[in-house]
Amino acid sequence: DELLKLPGFREDPKLKEQDIAAAKKLLAEAGFPSGFKAVITTRTLDAFKKQAIYMASAVSNIGIEATVDVVEDASIWPKLRRGEYQMAQLNATSLRIDPSDETDLWLLPKGGLNFHPFEDAEFIRLYNEQDKLLDPAARSPIVRKMEQRLIDDMPGVHLGWYYGFIMVWNDVKNWPQYDRGFEAGVLANVWMPK
């Protein structure tokens, strides 16, 4: 509900028109009254290409003429780390349920997937504060402040986030219930008694 009140997320057509007009005004103030051309770099998977095409269509509403550059996975990661892109579309799917798990990858200065590069001292302080707490109720207001920093600084635009859910039978033993790294899907220790 809170997100749907923010510019760019509001669903009312009149408010959407206002948001588009405000974005065009910001572009003009930044020196791009007629918009500009850009390339969106993305990965080869079909879902990523479709999302990049959607992004190109969405930004065309404010005057950004974007084309899509599909790059093989072996090449895209070094390219992003070197900052050799104008815009990039990355997909984030996760079984992780803790706010720290994705934050440290995507938004901390040394995060392996922080290609922005985003570095904000207050955000880092808040991250470290919430990361030491075990009580979700105590962490929640701190994480909300982190979210507000991201909205204010906007290092990237997150189109959405979804979680994958896996169902297994009781006969499946030692299934990894919670993943804190890229080892998700490693089944070396999973077994079945029958």
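The values are calculated or read from the model by the stated rules, or taken from the named source; none is laboratory data. Because the structure is a prediction, the values reported are computed rather than measured. When we count neighbours, we look across all protein chains shown, and the Cβ atoms used for this are built from the backbone with ideal geometry, even at glycine. Surface areas here come from the heavy atoms of the whole protein model, side chains and all, with no ligands, DNA or RNA. Shrake-Rupley method; radii C 1.70, N 1.55, O 1.52, S 1.80 Å.
Quick notes
- Set of lysines with alpha-carbon distance to Lys16 below 19 Å, sequence-local pairs under 8 removed: Lys5, Lys24, Lys25
- Antiparallel %, DSSP beta bridges [both residues in the chain], to 5: 10 percent
- Two-decimal log10 I(q)/I(0) for the chain, as the Debye equation yields it once each C-alpha is a single scatterer, q = 0.09, 0.18 Å⁻¹: -0.45, -1.45
- Look at the dipole of segment 1-155 built from charges on Cβ: of Val59, Leu6, Thr103, the Cα furthest out on the positive end belongs to Val59.
- Note that segment 112-155 presents 64 Å² accessible area per residue, ligands and nucleic acids not counted, probe 1.4 Å.
- Candidates Gln18, Thr41, Asn170 compared by Cα position along the dipole of the chain: farthest toward the positive end lies Thr41, with charges placed on Cβ.
- Full extension of the chain between Lys16 and Gln86 yields a length gain of 22.7 nm, computed as 0.36 nm times the residue separation minus the alpha carbon distance.
- Protein heavy-atom surface of the chain, 1.4 angstrom probe: 57% of the accessible area is carbon and sulfur, with nucleic acids and ligands not counted.
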